[in-house]
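Working notes, beginning with the structure itself.
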Amino acid sequence: MHEILFKPLSMGAIEAANRFFMAPLTRGRSDQPGSIPNDMMATYYRQRASAGLIITEATGISVEGLGWPAAPGIWSEEQVEGWKQVTKAVHDEGGQIVLQMWHMGRLVHPDFLGGDSPVSASATTAPGHAHTFEGRKDYEQARALGTDEIARVVEDYRKAAANAKAAGFDGVQLHGANGYLVDQFLRDGTNLREDEYGGSPENRVRFLREVSEALVSVWGADRVGVRLSPNGETQGCDDSDPAATFGAAAKVVEDLGLAFLELREPGPEGTYGKTEIPKQSPLIRSIYSGALVLNSDYTAEEAAKDIEAGRCDAVSWGRDFISNPDLPERIRTGAELAPNVNVPASWYGRGPEGYIDYPKMN
């Protein structure tokens, strides 16, 4: 019934053994100070190496870009050494793993920056509260990146991509979704610029293009992917014309020949985010000819149906991979899935509970 999910998939130079991808999942278990990956993280990813492709938790490219307690980074030698044990653990199990590259932009609280303001496309303030080491705090207004500063941020991405290569990853994914820095440049609700990075969709995708080109300069296009969230508001980031904006973004990904494009697309009945804004994947599928990966509230039956119909090439699962480290095997054998404990305290706790203590099938 689900045979298509177990067929291999070539995405550029990345060879996925199946179509069960592990979606990026922030878990907050890195060592502090330093945001350094550790043995426990290596165990977590090793347990889930049967995924066709693991996309790591969002990983900060720089101190400026990371504003989540105990999330990992990829800017220091110590972090590279920590990630080496993770990639080795996954490769020893026959898995493939790419690093998701993250700059949070205006969603970095000044507490992480020694009191300095966060940066964004424009001087805006995110709604809601930031997670800090001292608890939840209101977001504060970001300052707009100067045109002369953007090249420096792009270089931060390039250096982080080189570090990811040194750490033994199979590729990288640019986090362009969920209201973070790239998304803040893409959408007209947060990009109020009047220079060459603002205004038209073609201008607003310029930052996406420049960062992607930097990643390609390190990895080659055949080992680079992008994640977008093209329908609906996320963390205060929204757009008045998603088709125009994300059609232009898809054209960037197509023009650069990137290996894969992942879309987070909740629907009106979403269990973790919901929206009435139509999904943009049909439009994006008509523009982007590479491997398209869809995400958000999929069952195995729905995933197989969409792949068979050509609507996508693979599906990424998040919370189901938290509680089912052997998710592909459970689907293959028809075993019952372990219930997902939908409690953020277990998602972001510091210890092994709710992290590496979910058992595989007997």
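Any read-out appearing in this document is the output of simple, stated calculations on the displayed coordinates, not a laboratory observation. Keep in mind that this is a model prediction, so the values were computed, not measured. A quick note on method: Cβ atoms are made from the backbone with ideal geometry, for glycine too, and the neighbour counts reach across all protein chains shown.
Observations on the model:
- Sorted by Cβ density within 10 Å, fewest first, the residues Phe21, Phe207: Phe207, Phe21
- Highest-fluctuation residue, His103, His129, His175 considered, GNM on the chain with Cα pairs under 10 Å: His129
- Kyte-Doolittle at least 0.0, axis length at least 18 Å by Cα - qualifying DSSP helices, the chain: 206-219, 242-256
- For Arg350 and Glu301, the FRET efficiency from 1/(1 + (r/R0)^6), where r spans their Cβ atoms and R0 equals 45 Å, is about 0.80.
- Mean shadow area of the range 120-204 over all directions, Cα convex hull, nm²: 7.0 nm²
- Just so you know, the Rg over Rh for the range 52-186 is 0.99, from Cα atoms, with Rh as the Kirkwood radius.
- Where only DSSP H runs of four or more residues are counted, the chain gives -9500 deg cm²/dmol as its mean residue ellipticity at 222 nm, each run worth -39500 (n - 2.57).
- What the Cβ-Cβ distance of Ala244 and Lys274 gives, at R0 = 25 Å and to the nearest 0.05, is a FRET efficiency of 0.60.
- For the chain, built as a Gaussian network whose Cα springs stay under 10 Å, the top-fluctuating residue of Arg46, Arg29, Arg350: Arg350
- Cα gyration tensor shape for the range 264-311, rounded if a/c is under 1.5, else prolate or oblate: oblate
- Once the C-beta distance of Thr333 and Asn38 is scaled by a Förster radius of 35 Å, the resulting FRET efficiency is 0.60 to the nearest 0.05.
- With the convex hull of the Cα atoms taken as the outline of the range 303-362, the averaged projected area works out to 5.0 nm².
- Note on the range 3-347: semi-axes of the ellipsoid equivalent to its C-alpha gyration tensor, largest first and rounded to whole Å, are 28, 24, 20.
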